[in-house]
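Shown next, in structure tokens, is the structure this report addresses.
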Amino acid sequence: MTAILSSQLESYFRAWNTHDPEGVAAALADGGTYTDPTVTGSPLTGAQIAGHARALFTAFPDLSFEVLSSQHAASGTEVARWLMRGTNTGPLRGQVPTGRGVTLAGVDVITVTAGKIESVQGYFDRQTMAEQLGLQVIVQPYAIGPFQFGYAARAAGDSQKVPGAVSLTWLDSRSEEETQQVRDLSAQIAAELTTTPGFIGWLGVVIGGRMYTITTWETEDAVRAVMRSSVHRQAVKRLLTEDLSASATTSVWVPYQINPLRARCTSCGRMSDLAEHDGRCRCGQPLPQAHW
């Protein structure tokens, strides 16, 4: 740290830099609150603060904060200007890791009462963070007329086989916090799927409070096998025996008809079936690779 901090702020930032989520929460008084631009709804307290810190440590295993300056803004209020650094090698709010690093400037407004931190309000530019991670920033309304908008993520394996089964799951969440819990579980499952035999591709979609996953498989047996994985069993347990989601359903579909996967030749412009002629166009040129 390059700034001289009060003992309360020093303990707080030390917990962040030693990756101690319980220590981050313990640095605040009982009932103390935390919020930043990524927190929706009410400010976080207690175990929620620890969970928020733990999620950041998972997303950025090398996370660090350099406190550049600290000053008293008013009685009982301190302002700490910091620089956060980290490399996104773990899931972040349901998004697959980008592998990119961030160097993000921000400010914490911290209220201290009777020697205890009562509240932390963090401020930073979410768009800058997203752009440094290589993520798209799309500004759009939640709904227009009968249509609702959302966002999606995709993961693919190495298989080039035609899908022999498709699994579909959807859940309705009751809050932003619950949506985040489901997104985090989905990201863990998707990461595990990429190395699972028989897996072809996964698509996760969030629209309002409803979350969908659509997964393609080589065979029905591959779907049954993944149900025995530890992460998948944990997700099913939380859904069926714990208080997660308002409603949900899962299903497995066997294709009735799947048309050929075609790609356009960059030489002659013709659309050709990738399964024919060893992945080459009739003109003899190799076709661009495409995945189901």
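Any read-out appearing in this document is the output of simple, stated calculations on the displayed coordinates, not a laboratory observation. Values in this document were obtained by computation on a predicted structure and should not be read as measured data. Backbone-built Cβ (ideal geometry, glycine too); neighbour counts: all protein chains shown.
Along the charge dipole of the chain, which of V102, L274, A130 sits closest to the positive end, that is, farthest toward it, with unit charges on the beta carbon of Lys, Arg, Asp and Glu (+1, +1, -1, -1)?
Farthest along the dipole direction, towards plus: L274.
Hey, got a sec? Which trypsin sites (Lys or Arg not before Pro) in the range 171-272 land in a DSSP loop and have at most 15 other Cβ atoms within 10 Å?
Hits after loop and neighbour filter: R174, R228, R270.
Using only the alpha carbons of the chain, determine the length spanned along each of the three principal axes and report them from longest to shortest in whole angstroms.
Dimensions of the chain along the principal axes of its Cα atoms: 76, 47, 41 Å.
Give me the base-10 log of I(q)/I(0) for the range 7-132 at each q in 0.10, 0.12 Å⁻¹, Debye formula, one uniform scatterer per Cα, rounded to two decimals.
One equal scatterer on each Cα of the range 7-132 leads to -0.29, -0.42.
In debye to the nearest 20, how big a dipole does the range 149-253 give about its Cα centre with +1 on each Lys and Arg Cβ and -1 on each Asp and Glu Cβ?
140 debye
Using a simple spin-label model with points 7 Å from Cα along the Cα→Cβ vector, what separation in nm is obtained for I138 and C283?
The two pseudo-label positions are separated by 3.2 nm.
Using r as the Cβ-Cβ distance of T113 and T40, and R0 as 30 Å, what FRET efficiency do you calculate, to the nearest 0.05?
Efficiency for this residue pair is about 0.70.
Determine the shape class of the range 26-97: with a ≥ b ≥ c the square roots of the Cα gyration tensor eigenvalues, call it rounded for a/c under 1.5, and otherwise prolate if a/b is greater than b/c, oblate otherwise.
Oblate, since a/c reaches 1.5 and b/c is not below a/b.
Counting each pair of different Cα atoms once, what's the Kirkwood radius of the range 149-253 in Å, rounded to one decimal?
Evaluated over the range 149-253, this radius sits at 13.9 Å.
Calculate the FRET efficiency for L203 and T89 from the Cβ-Cβ distance with a Förster distance of 25 Å, rounded to the nearest 0.05.
So the FRET efficiency works out to roughly 0.65.
Give me P(r) over the range 76-197, computed from all C-alpha to C-alpha distances, binned every 5 Å, as integer percentages.
Reading the bins upward from 0: 2, 8, 12, 15, 16, 16, 13, 9, 5, 3, 1, 1, 0, 0.
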